[in-house]
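Q: Submitted below is the structure of interest, expressed as C-alpha cells.
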Amino acid sequence: MAGREQVRRSGGGGEDEPGGEAGFGQVGATNAARDESLDDVLADIDGVLESNAEEFVRGFVQKGGQ
Amino acid sequence: MTVRRVMGIETEYGISVPGQPWADPVLTSGMVVSRYAREHGLRATHGAWDYSDEQPLVDARGFEMPRGQADVSQLTDAEDPALANVVLTNGARLYVDHAHPEYSSPEVRSPRDAVVYDRAGELVMREAVQLLADQPPGINLYKNNTDGKGSSYGTHENYLLARDTPFARVVRDLTPLFVARQVITGAGRVGLGRDSERPGYQITSRADFFEAEVGLETTFKRPIINTRDEPHADPDRYRRLHVIIGDANLADVANLLKLGLTSLALTLIEADEVRGALTLRDPLLALRQVSHDPSCTATVELTDGRRLSAVQLLWEYRELAARHLDREGSDPDTDEVLGHLDRVLALLEDDPMSAREDLDWVAKLALLQGYRSRDGMGWEDPRLRAIDIQYSDVREAKGVFARLERAGRVRRLTTEDEVRRAVQEPPVDTRAWLRGQLVARHPDSVVAASWDSVVLRGVGGAARIGMPEPTALGRAETAAALEHDDLAEIVAALAAD
C-alpha cells in the first residue's frame, strides 16, 4: 500500500515491552527519556500542576453519565 | 468513496468545584449553561427543547405552522437546573445531561468540520469557566471520560446512515473497527480496571466500562454498538448511528481520524464490502486486550482463526477502502483523512511512541514517561493520576494538553481563527445554519428548538419549522428568507421555497 511509504519520524523502536497480560500498561520509559526537549516541557508543566496531587485526585469525583 | 456525511460529536464534560467534591454536579452543570447563556444574551430556556416527535408535513420540505399551540409561558418559567438548555448561535446545543454539562456540536458534513465544531465546544466551556471564576472557588471543566473511580461519561459520535442498510450488518462489520480504532481514538488513562484498581497505563479511558456487544443502554451495561434509533431526521430515509464507545479527543489528528475512519467504514458497510471478513471471536475481550497494550503488539482472534493486531485490523479496513476508492474516486476531505491515516498507522507499526505528535494517548504517555523517568514515579503515584486529569482541563493556562499544543509538540490541523469563528457561526451546509441564524438574529423569538425543528413566537401565535432533512436549509437555501426582518415573513418565505 502506497501509504506505508510515508515519512517515518525518528524514535527508534523495539524498546517497548511486548504485549500480553504481564506487559499491560508497562511500556518502557526509554523513548521519552531520550527526548531532551521534553525536560523543558516538564519544567513548564511543573509550574501549573495542582500542588497537592493526592487531594486533587481524591477530589475529582464524577457522577456517571452516558 | 468519501468520508463526507452528516455527523457530529456530543461531549459530556467532567465537572469539579475545587475543594468541594460534594458539590451537586447537576446544580453546577446548570450554572455552567446558564452563565454562558446569560453572558451571550441567549435564552437559557429551562426545558425549552422541542421534544415533540410529531412531524406532519405541510409541504414537501416539511414546514408547518400550527398557530397558537405552544404555551410560551410554560416553556420558560421552570428553574430546574437539571433542565438548563440553550441553543447557541453556531447551531450547537449546550445543556445539562445527567450530571454533566454537555456540548452537542451542530450537524456538519465532513470530519474536518466536526473537529472544528468540537473544538468550538472547548472554547465555549473555557469561557464558561472563566466567567464562573468570579465566584471563588469557581467551577472547572475537563474534556475527559472517567474519574478513575468507577464513573464514566461519554463522548458520542453521530453519523447519518442510509435507512436501508441492515443494522445487523452494521453491528457485524463495525464492531471490529471499534475495537481496533482504540489505538487512534484513545485519550490514554492512568489505571487499569473501572476503579483503577491495578496500576498501569492503558490506551482508552472507556474500554473497561463496556460490558455488552450490542444494546440500547448508554449509562450501564454499556454496549460496543448502541442501538438507539432516533434519527432526528426523516426516519424513512435515515438512521442515526449513535456511537458511545469513543474517547474525548483533544488532538486534532486523533479526532479527525476517529471521525474519518468511522465514516469510511460506514461507506464500506453501506456498500456491503466488509462482509463479515473481520469479525472477532470475542469483541469484549479484544476491546480490553487492545486498550491494555500500549505497545500495540497484542493480537486479537478473528472467527476465521486469524490473529491480528489492532493496527493490522485497521490496515485491513484501509485495503478495502483502497479498492473502493479505485473504483469510485476520492475527494479532498477523504484524501486528507487517508493521508494522516496511512502516516499514523505506519508510525504505530514502527514504534507507537513516534505517534506522540498525533494521538492523545501517546502524547500523554510520552509526558508521563518523562515524569516517571525524571522523578522515579511508579504508576500508582498520585501525581501521574493528577496529570492524567489535568491533561484535559479546558483552561488555557492549566490544561496540560493545551500547553503541549502551544509548545508545538502536538500537530494542529485547525487554526484558532476558524475555531473562534465556529463558536459564533453555524456550518453553512446543514440545517444547523437556519437554527443558529434564527437564534443569532431573533434570540427572543426562538422559544424551543430541537435537531429537526425550531419553534418561533411572534408570528401571530407560534410557528414550528420542521427540518427533517439535515442537509437542507443551509446558508444558500435560506439567504433570501433570512433577509426579512419580520418573523412571519421569514417563516412564509421558508415555507414558500
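The values are calculated or read from the model by the stated rules, or taken from the named source; none is laboratory data. Only a predicted model underlies this, so the values are computations on that prediction, with no experimental measurement involved. So basically every Cβ, Gly included, is an ideal-geometry build from the backbone, and we count neighbours across all protein chains shown. Heads up: the accessible areas ignore ligands, DNA and RNA and are worked out on the full protein's heavy atoms, side chains in. Shrake-Rupley method; radii C 1.70, N 1.55, O 1.52, S 1.80 Å.
Q: Filter segment B:79-136 down to the residues that are basic (Lys, Arg) and open to solvent by 30 Å² or more (accessible area, probe 1.4 Å), then identify the one that is farthest from the chain's Cα centre (by Cα).
A: B:Arg126
Q: If you don't mind, another one. In segment B:19-29, what residues are touching a Phe, Trp or Tyr at 6+ places or on another chain (Cβ under 9 Å) and modelled with pLDDT under 95?
A: Passing the criteria: only B:Pro21.
Q: Continuing with the same structure: Tell me, yes or no, whether segment B:165-188 has at least one residue that is open to solvent by 10 Å² or more (accessible area, probe 1.4 Å) and free of Cβ contacts under 8 Å to residues at least 12 places away in the same chain.
A: yes
Q: Does B:Glu211 fit the bill of being in a strand (DSSP E or B) and either of a type in the set (Phe, Trp, Tyr) or in the same structural domain as B:Ser291 (by TED's automatic domain parsing) (or both)?
A: Taking the combined requirement at face value, the residue satisfies it.
Q: While we're here: Please specify each residue of segment B:189-210 satisfying the condition of being open to solvent by 10 Å² or more (accessible area, probe 1.4 Å) and free of Cβ contacts under 8 Å to residues at least 40 places away in the same chain.
A: Scanning segment B:189-210 gives B:Glu197, B:Arg198.
Q: Now a separate question. Could you say whether any residue in segment B:128-140 is closer than 19 Å to B:Asp388 by Cα and either touching a strand residue (DSSP E or B) at 6+ places or on another chain (Cβ under 7 Å) or within 14 Å of chain A (Cβ to nearest Cβ) (or both)?
A: Checked against the condition, which is being closer than 19 Å to B:Asp388 by Cα and either touching a strand residue (DSSP E or B) at 6+ places or on another chain (Cβ under 7 Å) or within 14 Å of chain A (Cβ to nearest Cβ) (or both), segment B:128-140 yields at least one hit.
Q: Right, here's the next one. Would you check which residues across segment B:251-284 are open to solvent by less than 10 Å² (accessible area, probe 1.4 Å) and either touching a His at 6+ places or on another chain (Cβ under 7 Å) or among the charged types (D, E, K, R) (or both) and list them?
A: B:Asp252, B:Val253, B:Leu256, B:Leu257, B:Lys258, B:Leu268
Q: Here's another thing I want to ask about it. Check B:Pro231 against each of (1) part of a loop (DSSP other than H, G, I, E, B); (2) in contact with a helix residue (DSSP H, G or I) (Cβ under 6 Å, 6 or more places away or on another chain); (3) buried (at least 20 other Cβ atoms within 10 Å of the Cβ) and name the one condition it does not meet.
A: (2)
Q: Please pick out the residue among B:Val290, B:Val253, B:Val243, B:Val274 that is among the β-branched types (Val, Ile, Thr) and under 14 Å from B:Arg112 (Cβ atoms).
A: On inspection, the qualifying residue turns out to be B:Val253.
Q: Which one of these is within 24 Å of the chain's Cα centre (by Cα), away from every other protein chain (no Cβ under 14 Å) and under 17 Å from B:Gln182 (Cα atoms): B:Ala265, B:Ala310?
A: The conditions single out B:Ala265.
Q: Counting just the residues of segment B:187-208 that are of a type outside the set (Lys, Arg), assigned to a loop (DSSP other than H, G, I, E, B) and touching a Lys or Arg at 6+ places or on another chain (Cβ under 9 Å), which one comes out nearest to B:Arg372 (Cα to Cα)?
A: Result: B:Gly188.
For (1) within 14 Å of chain A (Cβ to nearest Cβ); (2) closer than 20 Å to B:Ala133 by Cα; (3) without any contact (Cβ under 8 Å) to a residue 24 or more places away in the chain; (4) charged (D, E, K, R), each residue gets a yes or a no:
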site: B:Met1; (1), (2), (3), (4): no, no, no, no
site: B:Arg5; (1), (2), (3), (4): no, no, no, yes
site: B:Gly8; (1), (2), (3), (4): no, no, no, no
site: B:Thr11; (1), (2), (3), (4): yes, no, no, no
site: B:Gln20; (1), (2), (3), (4): yes, yes, no, no
site: B:Asp24; (1), (2), (3), (4): yes, yes, yes, yes
site: B:Thr28; (1), (2), (3), (4): yes, yes, no, no
site: B:Arg35; (1), (2), (3), (4): no, yes, no, yes
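Q: Identify all residues within segment B:272-316 that are part of a loop (DSSP other than H, G, I, E, B) and within 18 Å of B:Ile225 (Cβ to Cβ); write none if there are none.
A: B:Asp272, B:Val274, B:Arg275, B:Gly276, B:Ala277, B:Leu278, B:Thr279, B:Arg281, B:Asp282, B:Thr303, listed by residue number.
Q: Quick one: which residue in B:Val455, B:Val428 is in a strand (DSSP E or B) and more than 30 Å from B:Trp361 (Cβ to Cβ)?
A: Within the list B:Val455, B:Val428, the selection yields B:Val455.
Q: Would you be able to say whether some residue in segment B:392-401 is touching a residue at least 40 places away in the same chain (Cβ under 8 Å), more than 11 Å from chain A (Cβ to nearest Cβ) and acidic (Asp, Glu)?
A: Checking segment B:392-401: not a single residue is touching a residue at least 40 places away in the same chain (Cβ under 8 Å), more than 11 Å from chain A (Cβ to nearest Cβ) and acidic (Asp, Glu).
Q: Among the residues of segment B:1-30, which ones are among the aliphatic types (A, V, I, L, M) and more than 17 Å from A:Lys63 (Cα to Cα)?
A: B:Met1, B:Val3, B:Val6, B:Met7, B:Ile9
Q: Output the residues belonging to segment B:243-255 that are part of a helix (DSSP H, G or I) and either within 13 Å of chain A (Cβ to nearest Cβ) or more than 11 Å from the chain's Cα centre (by Cα) (or both).
A: Correct list: B:Asp252, B:Val253, B:Ala254.
Q: Out of the helices (runs of 4 or more DSSP H) lying entirely within segment B:322-422, which hold 2 or more residues that are of a type in the set (Ser, Thr, Tyr) and buried (at least 19 other Cβ atoms within 10 Å of the Cβ)?
A: Per the criteria, B:360-375.
Q: Oh, and also: Starting from segment B:243-255, keep only residues that are farther than 11 Å from B:Glu10 by Cα, then list their pairs with residues that are open to solvent by 10 Å² or more (accessible area, probe 1.4 Å) and basic (Lys, Arg) whose Cβ atoms are within a distance under 7 Å, requiring at least 6 positions of separation or different chains.
A: Between residues of segment B:243-255 that are farther than 11 Å from B:Glu10 by Cα and residues that are open to solvent by 10 Å² or more (accessible area, probe 1.4 Å) and basic (Lys, Arg), the close pairs are B:Asp252/B:Arg411; B:Asp252/B:Arg412; B:Val253/B:Arg411.
Q: Another question, if that's okay. Kindly provide the set of residues from segment B:447-477 that are crowded, with 19+ Cβ neighbours inside 10 Å and more than 25 Å from B:Asn158 (Cα to Cα), ordered by number.
A: Passing the criteria: B:Val447, B:Leu456, B:Arg457, B:Ala462, B:Ala463.
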